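For reference, the structure is listed below as structure tokens.
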Amino acid sequence: MEEIRNQGPHRHEEEIDDDDTISLDEAFFINDNYQLTNFTFGSQELQLFSLHAASTDFDLTGQVVWPGAILLNDYLSKNTEILQGCTAIELGSGVGVTGILCSRFCQKVVLTDHNEEVLKILKKNIELHSIPENNCPTSHGLSAEKLEWGNSDHVNRILQNHPGGFDFILGADICFQQSSIPLLFDTVKVLLLIKEDRKCKFILAYVSRAKTIDLMVTNEASKHGLQMKELPGTRRIVGNLEGVIFEITLN
Ligand SMILES: C[S@@+](CC[C@H](N)C(=O)[O-])C[C@H]1O[C@@H](n2cnc3c(N)ncnc32)[C@H](O)[C@@H]1O
């Protein structure tokens with residue numbers, strides 16, 4: 001039997017029998033060959049590290065920029081006035097293309113993700129946009145925090161660090177896995193409720209890939225007592241799929 005040995009930090013060992021141990025290092029399977037990539041959204045140009053091909057691993061979806069982010073960034077770049085001086089938290093930020101664009105207009109943007117590998121590249125992109133000599137417009141008030149939907153410890157830490165809440169919750173292409181949608185809405189509901197004036201809005205760029213997920217998103221919004229409004233003029237084809245932007249608020 002072929003034996004792969006690796007003494008890396010995330011070593012997995014599977015005992016086959018007494019003498020035969022296969023050790024696999026997760027890092028061996030992770031592609032972190034990120035490329036500095038240029039994006040244009042209306043008049044906004046943005047340079048970020050990202051991969052160009054999606055991983056087949058659900059957890060590493062955040063290493064590439066998804067069609068929902070293109071849809072949301074195009075919309076936001078045409079409507080920058082809504083962001084001026086506001087605060088925002090992004091869920092499932094991936095490489096950070098949406099949050100980093102918003103930080104040009106907002107006073108504070110918190111980018112979040114649950115995946116450690118994705119958080120690493122997210123932090124690297126935040127760093128890139130915090131150093132003026134990188135030829136990128138400098139962004140202010142950007143930070144990254146770990147937030148797994150439905151994880152009450154993570155949400156509580158966000159509440160502690162940002163007791164005043166946010167004007168916007170942003171989500172681009174984050175509804176693609178059925179099991180995580182109820183948890184996503186649990187977290188959204190908590191975040192919507194922090195702001196005392198109840199004026200926080202969840203802006204969700206949704207890309208339709210399966211009828212069951214389309215239905216689940218509307219059902220979960222309604223189960224959580226939320227109102228979902230389609231933003232006029234945002235329904236369009238992105239990456240061969242139909243996308244639309246919803247504004248979701250407390251009822
Ligand atoms: C399809 S990618 C979209 C990334 C980015 N918003 C974009 O549009 O390019 C989904 C993102 O959500 C994150 N994600 C998936 N499930 C999550 C969960 N349960 N909690 C927090 N983040 C999650 C993934 O790590 C990934 O970054």
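The values are calculated or read from the model by the stated rules, or taken from the named source; none is laboratory data. Remember, it's a predicted structure, so these values are computed and weren't measured experimentally. Note that we place each Cβ from the backbone using ideal geometry, even for glycine, and neighbour counts take in every protein chain shown. What goes into the accessible areas is simple: the full protein's heavy atoms, side chains included, and nothing from ligands, DNA or RNA. Shrake-Rupley method; radii C 1.70, N 1.55, O 1.52, S 1.80 Å.
Values for this structure:
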quantity: Answer residue from the range 159-182, given it is assigned to a helix (DSSP H, G or I) and among the small types (Gly, Ala, Ser) and is most open to solvent (accessible area, probe 1.4 Å) among those; calculated: Ser179
quantity: Single residue of the range 57-86 satisfying the filter (outside any helix (DSSP H, G or I) and away from the ligand (no atom under 13 Å from the Cβ)) that is least open to solvent (accessible area, probe 1.4 Å); calculated: Leu83
quantity: Members of the range 140-158 that are open to solvent by 40 Å² or more (accessible area, probe 1.4 Å) and acidic (Asp, Glu); calculated: Glu148, Asp153
quantity: Condition broken by Arg209, with the remaining ones in (1) charged (D, E, K, R); (2) closer than 19 Å to Gly62 by Cβ; (3) crowded, with 17+ Cβ neighbours inside 10 Å satisfied; calculated: (3)
quantity: Identity of the residue in the range 192-206, open to solvent by less than 60 Å² (accessible area, probe 1.4 Å), out of contact with any Cys (no Cβ under 8 Å at 6 or more places or on another chain) and modelled with pLDDT of 95 or more, that ends up nearest to Pro163 (Cα to Cα); calculated: Cys200
quantity: Pairs, first at pLDDT below 95 in the range 167-191, second within 11 Å of the ligand (Cβ to nearest atom) and of a type in the set (Lys, Arg), C-beta under 9 Å, six or more apart; calculated: Phe176/Arg209
quantity: Residues within the range 150-175 that are touching a strand residue (DSSP E or B) at 6+ places or on another chain (Cβ under 7 Å) and within 8 Å of the ligand (Cβ to nearest atom), tallied; calculated: 4
